[in-house]
Amino acid sequence: MTTTDIQNEILRHLKFTLGKDADHATPYDWRMALSYMVRDRIVDRWFTSTRATYQGREKRVYYLSMEFLIGRLLEDAMVNLGILDEAAEAFHSLGLSFPDIINGEPDAALGNGGLGRLAACFMESLSTLGCPAYGYGIRYEHGLFRQRFEDGRQVEDPEEWLRTVNPWEFTRPEAAFEIGFGGHVHVKGARGIWRPSEAVVAEAHDTPIIGWQGRWANTLRLWAAEPTRVFDLDRFNRGDFEGAAHPEAVARTLSRVLYPDDTTDEGKVLRLKQEYFFTAASLRDILRRFESEYDDLSLLPRKVAIQLNDTHPAIAGPELVRLLLDERGLTFSDAEETARACLSYTNHTLLPEALEAWPEHLMRSLLPRHMQIIEQIDQSHRTQYPSRAVSVLNDGEVRMGELSFIMAHRVNGVSALHTELMKSTVFENLHALHPGRIVNQTNGVTPRRWLLTCNPELSGLITEAIGPDWVYDAERLAELEPHVSDPAFVDRFAAIKRANKSELSNWLGEITGISADPDALFDVQIKRIHEYKRQHLNILETIALWQDIRDEPDAGWTPRVKIFGGKAAPGYVFAKEIIHLINSVAATINSDPVTAPYLQVIYPANYNVSVAERLIPAANLSEQISTAGKEASGTGNMKFALNGALTVGTLDGANVEIRERVGEENFFLFGMTADEVVARRTIPDHAAQAIADDARLARALETLRDGTFIPEAPTKFHGIADNISGPDYFLVASDFNDYWRAQREIDAAFRDVARWNRMAALNTARSGWFSSDRTIRGYMADVWDAEVATAARRTAAE
Ligand code: 26Q
């Protein structure tokens with residue numbers, strides 16, 4: 001497609017799809033016209049892919065996830081179709097600002113963080129690899145809340161991504177299923193006949209997900225809840241206008257909001273309803289598709305692989321058994337075997353408070369037949385494996401982790417360390433009973449979005465050096481290694497980082513009023529605010545650094561900009577206090593003229609995928625400082641390394657593997673190991689000891705108590721100080737000293753410009769393994785038993 005073709009297509013859509021005259025078109029109109037032009041380019045490839053799957057009678061992969069954090073789609077789609085430059089040129093010649101137009105797209109924030117973004121990267125890799133796949137989830141009317149700061153405190157506003165038309169989705173009124181809740185079960189022999197007392201309709205909305213070079217496109221199918229009957233005319237005619245609209249409002253509530261990851265939150269019935277709603281609709285769709293092609297249910301495991309993204313869709317086990325047993329007439333054991341052979345489960349956390357468990361009475365009242373089946377699954381497992389006391393039902397609760405494990409033929413962790421910890425802790429007994437079921441699949445990220453698109457200058461340099469194939473074969477980034485010995489290459493690498501920092505600095509200046517010095521070390525911590533991720537360790541070190549600089553302003557400090565980004569769950573009080581503390585420290589430090597040349601703290605509000613795309617290419621240092629054993633994997637850590645940031649990190653999650661691959665000399669390690677963490681906690685006054693041994697830490701903590709950062713409410717941060725000096729479950733105090741040491745080594749390393757830049761370039765060269773293409777190949781081989789047919793696929797769709 002030439003620039004002229006593109007321009008004509010955009011103008012055609014502007015006129016005939018949007019009904020707008022070019023003279024009066026707004027940036028929104030232009031973006032929509034552009035999106036429709038791009039979508040047109042996707043549709044044929046999408047049809048071709050779907051047809052090829054049917055004709056090849058191939059196994060399909062179904063990825064069930066409560067979250068798909070896909071962000072913006074327009075730029076990514078243009079990059080994958082190879083029309084970005086032409087589209088930019090088309091707008092340029094119309095006298096319009098291309099960045100302004102494409103940046104107007106709202107983020108699809110249908111996720112909280114890592115787990116949801118992983119699902120989005122997987123969808124892109126599945127398409128790039130030409131693996132026939134569907135993502136199934138919920139079309140939330142409101143994605144993750146928007147964050148703003150009021151006097152340094154987080155305030156949440158509803159997110160409104162669907163207020164304007166979403167050009168990427170196709171509504172499928174014909175693909176709709178009625179999903180029941182409550183009611184009663186009539187038992188007839190082995191079978192149950194479930195008569196629900198209420199129902200909603202799940203309506204499909206499809207978004208095509210295109211892979212690299214547009215060779216394959218899969219479908220992301222999101223379910224919206226609709227009332228079974230739109231409007232009660234009788235009630236309306238009787239004058240009950242509000243009552244007439246009520247059932248509609250109740251039904252739609254189901255897909256209204258994404259739950260913020262808030263494990264302390266109670267009001268949970270709606271969450272369980274959401275889980276069953278989308279899981280049941282997806283399974284019915286999967287069976288309908290299968291039965292349109294095959295009439296032998298024993299073939300199901302050969303044609304269908306269903307991945308459960310954490311326990312959120314765990315009800316898939318009992319639901320699939322129910323469909324096969326009650327509605328298809330299989331025996332219980334055949335139904336259970338068939339279901340298990342189709343299902344596999346990914347675990348994303350070992351934090352005990354985050355393992356899902358539902359009260360039995362709630363499960364029974366909402367899903368009476370499923371509760372019976374769960375009891376049967378539990379009973380038959382305990383009969384088969386009496387040697388170890390493993391049970392799904394425990395203390396009046398249904399444990400979804402155990403249920404998922406028992407109903408899956410593969411269970412995977414998301415990094416090597418995490419998988420080993422799964423075997424030795426939460427699933428120790430189940431692992432002993434089912435050795436070989438647990439496998440590792442270390443997470444990955446798509447290099448198309450997280451290098452090619454977000455860092456175009458660096459991508460250009462890489463392609464110039466090693467050719468373009470790294471984009472779909474990221475381990476080829478290793479071919480950069482010889483170039484890292486060439487000072488001219490490293491200088492260009494560094495100049496690009498400098499330019500990205502300068503661009504970020506302008507943006508930060510626009511939105512926060514503080515513009516960072518692009519020659520300073522850009523030190524970035526972006527992720528959900530959570531105690532185990534230890535943003536408070538970072539801010540404590542920042543305070544201590546500020547104090548040391550004030551003591552001796554002329555000691556040759558390395559200028560640093562500390563950048564934070566992230567949201568706290570609305571009900572997570574401690575996390576919100578950490579946000580308030582960071583903002584208060586930022587306000588104090590940024591207005592101190594003595595330290596200003598050396599230290600700035602910036603916290604832009606409303607961190608999301610698009611903000612990550614700006615921050616990561618501009619980072620020098622990636623903060624991955626969780627308490628060892630607590631971060632299952634991390635994926636931001638991979639994005640930073642890929643973009644040439646060095647990591648300061650603990651031996652946690654995928655940090656371990658990043659360090660192995662980039663080389664220990666190119667990674668700043670600190671802190672206790674997971675084993676040392678466990679041992680340290682047995683010392684009753686571990687925090688007090690650490691504070692007594694470290695005057696710098698003691699002094700920093702003192703500023704939290706004396707009101708330095710919040711003179712108008714001096715006791716405000718006592719809670720954080722007391723936590724760190726008292727229970728300190730996440731061992732901030734005990735790891736502080738080594739963190740400080742690592743940070744000062746980083747200061748020195750950054751001053752050795754040539755060395756730093758070489759280390760940064762080596763991080764890029766050695767991070768190709770963290771491509772989600774590699775992860776997906778691993779799932780295809782070890783979990784889904786799906787054919788890896790990349791080469792064939794490329795020709796099929798061409
Ligand atoms: C549960 C119950 C009720 C409401 C919400 C939730 C809920 C929602 C989201 C629980 C957990 C999540 C998300 C978890 C998550 O993102 N985990 C991260 O997964 C990444 C991908 O594997 C890992 O890299 C991270 O280490 C892990 O923290």
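The values are calculated or read from the model by the stated rules, or taken from the named source; none is laboratory data. Note that this is a predicted model, so its numbers are computed, not measured. Note that we place each Cβ from the backbone using ideal geometry, even for glycine, and neighbour counts take in every protein chain shown. Ligands, DNA and RNA are excluded from the accessible area calculation, which covers all protein heavy atoms including side chains. Shrake-Rupley method; radii C 1.70, N 1.55, O 1.52, S 1.80 Å.
When segment 316-341 is examined, which residues are found to be assigned to a loop (DSSP other than H, G, I, E, B) and in contact (Cβ under 8 Å) with a residue 60 or more places away in the chain?
Scanning segment 316-341 gives Asp326, Gly329, Thr331.
In the set Gly644, Gly629, Gly671, which member is closer than 22 Å to Asn757 by Cβ and in a loop (DSSP other than H, G, I, E, B)?
None of the others qualify; the one that does is Gly644.
Answer yes or no as to whether Val79 is surrounded by fewer than 23 Cβ atoms within 10 Å (Cβ to Cβ), under 26 Å from Ala612 (Cα atoms) and among the β-branched types (Val, Ile, Thr). Talk me through it step by step, then tell me what you get.
Details: surrounded by fewer than 23 Cβ atoms within 10 Å (Cβ to Cβ): yes; under 26 Å from Ala612 (Cα atoms): yes; among the β-branched types (Val, Ile, Thr): yes.
It is true that Val79 is surrounded by fewer than 23 Cβ atoms within 10 Å (Cβ to Cβ), under 26 Å from Ala612 (Cα atoms) and among the β-branched types (Val, Ile, Thr).
Residues being within 16 Å of the ligand (Cβ to nearest atom) and charged (D, E, K, R): count how many of those fall in segment 505-538.
Residues that pass the stated criteria total 5.
Name every residue in segment 598-626 that is within 16 Å of the ligand (Cβ to nearest atom) and not in a loop (DSSP other than H, G, I, E, B), in order of residue number.
We begin by selecting, within segment 598-626, every residue within 16 Å of the ligand (Cβ to nearest atom); these are 607-609, 612, 616, 622-626.
Of everything in segment 598-626, those that are within 16 Å of the ligand (Cβ to nearest atom) and not in a loop (DSSP other than H, G, I, E, B) turn out to be Val609, Ala612, Ile616, Ser622, Glu623, Gln624.
All but one of (1) of a type outside the set (Asp, Glu); (2) open to solvent by 30 Å² or more (accessible area, probe 1.4 Å); (3) over 22 Å from Leu646 (Cα atoms) hold for Ala495; which doesn't?
(3)
Tell me which residues, restricted to segment 109-142, are out of contact with any Lys or Arg (no Cβ under 9 Å at 6 or more places or on another chain) and within 13 Å of the ligand (Cβ to nearest atom).
Leu115, Gly116, Arg117, Leu118, Ala119, Phe122, Ile138
One residue is enough: does segment 498-519 have a residue meeting the conditions in a loop (DSSP other than H, G, I, E, B) and buried (at least 23 other Cβ atoms within 10 Å of the Cβ)?
Looking for residues that are in a loop (DSSP other than H, G, I, E, B) and buried (at least 23 other Cβ atoms within 10 Å of the Cβ), one finds at least one in segment 498-519, hence yes.
Can you tell me how many residues in segment 709-728 are open to solvent by 50 Å² or more (accessible area, probe 1.4 Å) and among the polar types (S, T, N, Q)?
So in segment 709-728, the residues open to solvent by 50 Å² or more (accessible area, probe 1.4 Å) come out as 711-712, 714-716, 718, 722, 727.
Going one step further and asking which of them are among the polar types (S, T, N, Q), we end up with 715.
So the count comes out to 1.
Kindly state which helices (runs of 4 or more DSSP H) lie completely within segment 201-312 and contain at least 3 residues that are surrounded by fewer than 21 Cβ atoms within 10 Å (Cβ to Cβ) and in contact with a strand residue (DSSP E or B) (Cβ under 7 Å, 6 or more places away or on another chain).
241-253, 269-291
Inspect segment 131-149 for any residue being open to solvent by 20 Å² or more (accessible area, probe 1.4 Å), of a type in the set (Gly, Ala, Ser) and touching a strand residue (DSSP E or B) at 6+ places or on another chain (Cβ under 8 Å) and give the result as yes or no.
Within segment 131-149 (the criterion being open to solvent by 20 Å² or more (accessible area, probe 1.4 Å), of a type in the set (Gly, Ala, Ser) and touching a strand residue (DSSP E or B) at 6+ places or on another chain (Cβ under 8 Å)), the answer is no, since none of the residues qualifies.
What is the number of the single condition among (1) within 26 Å of His361 (Cα to Cα); (2) in contact with a Gly (Cβ under 8 Å, 6 or more places away or on another chain) that Lys188 does not meet?
Evaluating Lys188 over (1) within 26 Å of His361 (Cα to Cα); (2) in contact with a Gly (Cβ under 8 Å, 6 or more places away or on another chain) leaves (2) as the failure.
For segment 647-662, how many residues meet the condition of being open to solvent by 10 Å² or more (accessible area, probe 1.4 Å) and either in contact (Cβ under 8 Å) with a residue 60 or more places away in the chain or of a type in the set (Asp, Glu) (or both)?
Residues that pass the stated criteria total 5.
If you scan segment 52-74, which residues turn out to be open to solvent by 10 Å² or more (accessible area, probe 1.4 Å), more than 16 Å from the ligand (Cβ to nearest atom) and under 19 Å from the mean Cα position of the chain (by Cα)?
Arg72, Leu73
Residues Val490, Val524: which one is open to solvent by less than 20 Å² (accessible area, probe 1.4 Å), in contact with a strand residue (DSSP E or B) (Cβ under 8 Å, 6 or more places away or on another chain) and either aliphatic (A, V, I, L, M) or assigned to a helix (DSSP H, G or I) (or both)?
Val524 is the lone residue from the list that is open to solvent by less than 20 Å² (accessible area, probe 1.4 Å), in contact with a strand residue (DSSP E or B) (Cβ under 8 Å, 6 or more places away or on another chain) and either aliphatic (A, V, I, L, M) or assigned to a helix (DSSP H, G or I) (or both).
Only one residue in Ile438, Ile462 is more than 25 Å from the chain's Cα centre (by Cα) and among the β-branched types (Val, Ile, Thr), so which one is that? Don't jump to the end; show me each part of the working.
Details: Ile438 fails: more than 25 Å from the chain's Cα centre (by Cα).
Going through Ile438, Ile462 in turn, just one is more than 25 Å from the chain's Cα centre (by Cα) and among the β-branched types (Val, Ile, Thr): Ile462.
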